[in-house]
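Worksheet: one structure, shown below.
The values are calculated or read from the model by the stated rules, or taken from the named source; none is laboratory data. On a predicted model such as this, the values are computed, not experimentally measured, just so you know. Cβ placement follows ideal geometry from the backbone for every residue including glycine, while neighbour counts extend to all protein chains displayed.
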Amino acid sequence: MPEISVRRANVADRSVLERLWLMFRHDLSEFRSVLPDSSGGFRDDRLRASFRDPDWAPYLVTSGESPVGMALVRGLNGSVRVLSEFFIVRGARRAGVGLSAAREVLARHPGSWEIAFQDDNAPAARFWRRLAADVSGTAWTEEKRPVPGRDDLPPDVWIRFQS
């Protein structure tokens, strides 16, 4: 596995996270039937919240000098943290980078966690179930929840565990 670094992003990292966000949303558009807006971008309210809301934390994942991923965590002031968004660029996938980065983010905020994913995204489904098992053994749960405002989509799968 390549050596990676996971650190809380700051304002100087915002443009890098914005570019990673576009790649993330592009990948997710396959499972969400979402097209870019007229400017070629995607809705970014969660990314913006991660830089201004004290209940959120943005993370940047790098390998050497290269940005290879990002994570957005919300619920820092509550009893349950949510790994709201998580993305690793395709060139760094399937080399342990994602698992290592996700474990690092979880370790920074111990406690109860929830993570949503789409069951029809088979690689992501395998990844998140593996992470839950790695972190908590058999002490994790899974449930399906409707996507708010999107009756046309299958429900999201939510996993819950302690880190």
Residue check: is Leu76 without any contact (Cβ under 8 Å) to a residue 40 or more places away in the chain, of a type in the set (A, V, I, L, M, F, W, C) and surrounded by fewer than 16 Cβ atoms within 10 Å (Cβ to Cβ)? yes
Under 7 Å by Cβ, and 6 or more places apart or on different chains, what pairs join a residue from segment 12-23 that is in a helix (DSSP H, G or I) with one that is loosely packed, with under 14 Cβ neighbours inside 10 Å and at pLDDT below 95? Leu22/Gly41
Out of curiosity, is Ser33 closer than 25 Å to Val157 by Cα and either loosely packed, with under 12 Cβ neighbours inside 10 Å or free of Cβ contacts under 8 Å to residues at least 24 places away in the same chain (or both)? yes
Considering segment 134-148 alone, what residues qualify as being within 24 Å of Arg90 (Cα to Cα) and exposed (fewer than 15 other Cβ atoms within 10 Å of the Cβ)? Asp134
All but one of (1) modelled with pLDDT of 95 or more; (2) touching a strand residue (DSSP E or B) at 6+ places or on another chain (Cβ under 8 Å); (3) outside any helix (DSSP H, G or I); (4) not polar (S, T, N, Q) hold for Pro2; which doesn't? (1)
Residue check, Arg81 against (1) among the basic types (Lys, Arg); (2) over 17 Å from Ala107 (Cβ atoms); (3) at pLDDT 90 or above, all met but one. Which one? (2)
Any residue in segment 138-155 that's within 13 Å of Ser33 (Cβ to Cβ) and basic (Lys, Arg): show its pairings with residues that are assigned to a loop (DSSP other than H, G, I, E, B) and at pLDDT below 90 at Cβ separation under 9 Å, as long as the two are six or more apart or on different chains. Arg150/Ser33
Hey, among Leu60, Leu76, Leu106, Leu47, which residue is in a loop (DSSP other than H, G, I, E, B) and on the phi < 0 side of the Ramachandran plot? Leu76
Selection within segment 6-22 - over 20 Å from Gly41 (Cα atoms) and within 16 Å of the chain's Cα centre (by Cα): Val6, Arg7, Arg8, Ala9
Members of segment 149-163 that are loosely packed, with under 15 Cβ neighbours inside 10 Å and either under 18 Å from the mean Cα position of the chain (by Cα) or under 11 Å from Trp113 (Cβ atoms) (or both): Pro155, Gln162
Note on segment 120-133: residues assigned to a helix (DSSP H, G or I) and surrounded by 12 or more Cβ atoms within 10 Å (Cβ to Cβ) are Ala124, Ala125, Phe127, Trp128, Arg129, Arg130, Leu131, Ala132, Ala133
Restricting attention to segment 65-103, report how many residues are under 21 Å from Phe51 (Cα atoms) and of a type in the set (Lys, Arg). 2
